[in-house]
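The values are calculated or read from the model by the stated rules, or taken from the named source; none is laboratory data. Because the structure is predicted, anything quoted here is derived from the model rather than measured. Cβ placement follows ideal geometry from the backbone for every residue including glycine, while neighbour counts extend to all protein chains displayed. Accessible surface areas use protein heavy atoms only, side chains included; no ligands, DNA or RNA. Shrake-Rupley method; radii C 1.70, N 1.55, O 1.52, S 1.80 Å.
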Amino acid sequence: MNEMDAALATFAQEAEELLTDMEDSLLVLEDSPDDIETINSVFRAMHTIKGSSGLFGFDHIVAFTHEAETVLDQVRNGERHIDDALISVLLDCKDHTTRLLEFCMQDQEAALPAELQAIGHQLIADLTGSQATEPDLPIVAEVEANTIESEGGGEISADNWLISLEFQTDALRNGMDPLSFIRYLKTIGDIEQILTITESMPNAEGMDPESCYLHFKIIFKSDADKQTIEEVFEFAADDCDIKILPPNSKVEHYLNLLEELPDTQVERLGDMLVQVGALTPNDIGKALNNQREDKQDIDAEVKPLGEILVEQQVVQQPVVDQALKKQEQTKQKIATEANYIRVDSAKLGQLINLVGELVISGAAMNLMVERHGLNDVEEVAESMNTLVSDIRDTALELRMVPIGETFSRFRRVVRDVSKELEKNIELTITGGETELDKTVVEKINDPLTHLIRNSLDHGIETPEQRLAVGKPAQGNIQLNAYHDSGHIVIQIVDDGGGLDSEKILAKAIANGLISEDHGLSQQDIFNLIFEAGLSTKDQASNLSGRGVGMDVVRRNIEALRGSVNINSVAGQGTTITIHLPLTLAIIDGFMVETEQERYIIPLSMVEECVEMDADEWEIDEIQHYVNLRGEVMPYLRLGDYFNNRQKHRGEVKRESLVVVRFGQSKAGFVVDELHGEHQTVIKPLGKVFADLKGITGATVLGDGNVALILDVQGLIQTATKGRGQNLANTLH
């Protein structure tokens with residue numbers, strides 16, 4: 001990858017992040033349309049993408065984002081109100097910018113396709129055409145007006161420019177006409193009030209008629225900027241001390257502009273204030289001269305530039321404070337960003353693979369040390385094991401990311417689908433900070449999208465239906481995430497009408513999925529909707545109803561070594577619970593052995609290990625349950641299950657019971673030997689093992705043999721069902 005390619009890749013990634021932030025901000029504005037900070041963030045996204053696109057010559061993006069930026073500038077200046085209609089158009093603008101970005105990244109030289117051009121023109125028309133500006137809407141907050149004291153006492157208040165002119169004594173001799181400047185000033189605004197300061201006027205005997213003793217303070221009303229006003233007195237600059245203090249209403253404007261300054265580099269205070277228009281270069285020049293003179297005087301206190309500017313009455317203290325705050329924020333951000341680097345995910349994946357091989361090599365070394373009795377090497381091996389374990393954990397943490405970003409993307413899905421279905425639905429997110437492997441995050445996005453769209457379409461009722469049954473018109477979908485027993489649990493909870501188990505049963509029987517004497521539990525009936533071709537919706541829509549998708553959802557989740565379950569209460573809503581492993585690469589395992597085969601149980605699911613002793617625990621060999629200290633649970637003999645024996649041979653030998661837990665379910669696995677904790681590098685099984693039940697993967701042991709990794713949830717279900725089946729067989 002050359003430098004240009006690297007720069008383009010960085011640009012594309014940053015643009016994508018900005019567009020994501022823009023979408024989030026627009027969705028926030030739906031509830032808080034007057035949130036200035038959020039409006040500014042939307043503006044900054046368009047502004048930054050436009051600027052960066054210009055650097056790469058992406059004129060299509062520049063032309064389009066310029067229009068959006070202009071409208072957003074009107075919004076933040078209070079010239080246009082942001083409402084649902086404008087937010088919808090801006091969301092479409094965000095999508096169109098994404099498409100333009102993808103097009104430009106694919107072919108930088110090609111002409112823009114007619115379809116994209118048409119979409120762009122329509123969006124610009126929507127932005128600038130039918131939605132007229134609303135200039136009367138106040139966005140800028142009212143602030144306290146400027147005040148000056150009159151010569152005769154009292155205050156003269158006005159939210160206008162305050163201009164102070166102190167003409168020097170020789171001004172008249174140098175041909176200056178003070179009144180001519182004041183008259184010219186009226187060409188760019190209105191003079192509200194003018195005070196003539198005569199403090200320096202001598203008595204009649206001492207007055208020189210060719211000398212100028214006049215000072216003026218002027219309250220000036222104008223939309224002109226500071227530089228324009230200062231240019232009025234350009235020719236008098238050498239004979240007059242000019243101070244121009246902006247209106248207080250401008251303070252808020254300057255504060256916003258300072259906040260929006262790019263924070264890519266630390267700028268000097270004076271440069272920042274000139275950049276936003278609060279000061280002119282002339283103001284800075286005078287302040288620096290004063291500061292320089294103070295430095296030359298060893299007895300004088302050298303004041304900071306900001307303090308000098310405020311003393312000179314050319315800028316307000318809040319503006320200086322905001323500039324200093326922005327300066328400090330930029331310093332901190334640059335310092336923070338210096339601690340992060342972007343890493344190619346492929347390189348990170350390669351690192352994880354190498355760490356996995358290191359773990360396997362470490363296990364082989366330990367085996368050699370143990371087999372040959374190398375006691376003097378044992379301490380070194382133990383130290384190395386600790387280091388390998390630390391490297392493994394650190395490497396895995398590099399790929400851990402919070403799931404909140406994925407969750408946030410569904411705000412747009414909920415918004416768009418709700419409007420399409422004419423429903424009123426809000427999305428509530430909790431646990432967004434929960435972390436899991438980036439690989440898992442990327443692969444769970446599609447199943448989540450399908451489940452949420454189903455909840456929106458099937459689950460939540462229309463406002464009329466909800467009101468009719470005494471529910472609030474607005475429905476709610478919750479997205480929750482939390483850690484549980486080494487897994488991440490994701491829940492999609494809706495407060496809709498719930499599943500109709502009778503309808504599901506009827507469909508399943510009609511489709512031949514089950515017989516009429518099915519004997520299924522309520523949970524099993526709900527889980528039937530994951531079967532291909534089963535839909536309870538009478539009419540398919542463009543969102544769902546064709547009976548396809550839920551089977552793919554379950555297949556995709558199971559491919560991640562996860563599981564999905566449904567609980568529902570008629571009239572109250574449905575909860576879909578997904579269990580996922582934190583990582584697909586390396587786990588802490590617990591190795592057991594039975595029938596001379598070794599198996600790995602995820603350590604986080606192991607509750608305890610006890611001896612399978614019929615004298616101590618009450619064991620039912622027919623129903624396959626054990627009463628362990630008063631807790632009854634099903635058990636499964638792994639030797640019987642994986643060796644396909646129909647019945648345990650009942651050989652008298654010592655066995656162990658490994659109690660495992662998955663969610664709220666518990667069961668016992670009966671094994672011959674316990675080998676203890678084992679760092680497990682997960683190797684996926686090939687397609688030939690796709691139908692193998694009870695196994696989620698394999699791992700290579702230190703001696704080169706392979707151990708299978710158990711699917712604890714699947715085996716618990718098997719043990720539970722097996723107990724019922726055994727009981728049924730007994731009764732028959």
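If R₀ is 56 angstrom, what is the calculated FRET efficiency for the pair SER180 and SER389, using the beta carbon separation as r and rounding to 0.05? In this case the efficiency is close to 0.10. Using the Cβ-Cβ distance between VAL610 and GLN474 with R0 = 41 Å, the FRET efficiency computed as 1/(1 + (r/R0)^6) comes to roughly 0.20.
How would you rank 411-423, 69-81, highest first, on the average number of other Cβ atoms within 10 Å across their residues?
Values: 411-423: 16.8, 69-81: 19.0.
Ranked by mean Cβ neighbours within 10 Å, highest first: 69-81, 411-423.
How many times 2.2 N^0.38 Å is the alpha carbon radius of gyration of region 24-84?
On the way: Rg = 12.2 Å, N = 61, 2.2 N^0.38 = 10.5 Å.
For region 24-84, the normalised Cα radius of gyration is 1.16.
So what does log10 I(q)/I(0) come out to for region 379-531 at q = 0.13 Å⁻¹, using the Debye formula with one equal point on every Cα and no solvent? Calculated log10 I(q)/I(0) at the listed q: -0.77. Measuring nothing but alpha carbons in region 161-255 and taking Rh as the Kirkwood radius, the Rg to Rh ratio lands at 1.02. Only DSSP H runs of four or more residues enter the estimate; each adds -39500 (n - 2.57), and after division by the residues of the chain the mean residue ellipticity at 222 nm equals -14500 deg cm²/dmol.
Remark: C-alpha extents of the chain on the principal axes read 132, 75, 56 Å, sorted largest to smallest.
Share of region 250-408's accessible area from carbon and sulfur, percent, 1.4 Å? Kindly include the intermediate steps, with their values, before the conclusion.
On the way: 4940 of 9420 Å².
About 52 percent, which is the carbon plus sulfur part of the accessible surface.
What order, most packed first, do the peptides 253-260, 424-431 have when packing is the mean number of other Cβ atoms within 10 Å of each residue? Working shown, then result.
Details: 253-260: 19.8, 424-431: 16.4.
So the order, starting with the most tightly packed, is 253-260, 424-431.
For a straight C-alpha distance cut-off of 16 angstrom, the aspartates and glutamates reachable from LYS666 (same-chain residues fewer than eight places away being disregarded) are ASP484, GLU607, GLU608, GLU631, ASP711.
The translational diffusion coefficient of region 394-453, from Stokes-Einstein at 4 °C and 1.567 mPa s with a Kirkwood hydrodynamic radius over alpha carbon pairs, comes to 102 µm²/s.
How many percent of Cα pairs in region 224-319 exceed 20 Å? It works out to 40 percent of all Cα pairs.
Full extension of the chain between THR449 and ALA510 yields a length gain of 19.1 nm, computed as 0.36 nm times the residue separation minus the alpha carbon distance. Set the Cα radius of gyration of region 287-413 against 2.2 N^0.38 Å, with N its number of residues, and you get 2.14. When the Kirkwood radius is taken over all Cα pairs of region 1-107, what Stokes-Einstein diffusion coefficient follows at 4 °C and 1.567 mPa s, in µm²/s? Diffusion coefficient, whole number: 92 µm²/s.
The residue among GLN316, THR169, PRO602 whose Cα reaches farthest toward the positive pole of the charge dipole of the chain, with charges on the beta-carbon of Lys, Arg, Asp and Glu, is PRO602. About its Cα centre, the dipole of region 343-468 is roughly 700 debye, where the only charges are +1 on Lys and Arg Cβ and -1 on Asp and Glu Cβ. Rounded to the nearest 20 debye, the dipole magnitude of the chain is 3240 debye, with +1 charges on Lys and Arg beta carbons, -1 on Asp and Glu beta carbons, and the Cα centre as origin.
With a 1.4 Å probe and every protein chain left in place, work out the accessible area per residue of the chain in Å², rounded to a whole number.
On the way: 38190 Å² over 732 residues.
For the chain, the solvent-accessible area averages 52 Å² per residue.
Can you pick out the pairs among LYS438/LYS507; LYS186/LYS295; LYS347/LYS687; LYS250/LYS303; LYS243/LYS333; LYS50/LYS423 whose Cα atoms lie more than 32 Å from each other?
The pairs that break the limit, which is 32 Å between Cα atoms, are LYS438/LYS507; LYS186/LYS295; LYS243/LYS333; LYS50/LYS423.
Rounded to the nearest 0.05, what FRET efficiency do ILE197 and LYS325 have when you use their Cβ-Cβ distance and R0 = 35 Å? E between ILE197 and LYS325, to the nearest 0.05, is 0.50.
Each peptide in 506-513, 632-639, 396-403, 107-114 gets a packing score, the mean of other Cβ atoms within 10 Å over its residues, and the list from highest to lowest is 632-639, 396-403, 506-513, 107-114. Across the chain, Cα pairs under 8 Å and at least six residues apart give a relative contact order of 7 percent.
Extending 7 Å from Cα along the Cβ direction at THR462 and again at ASP59 yields two label points whose distance is 5.0 nm.
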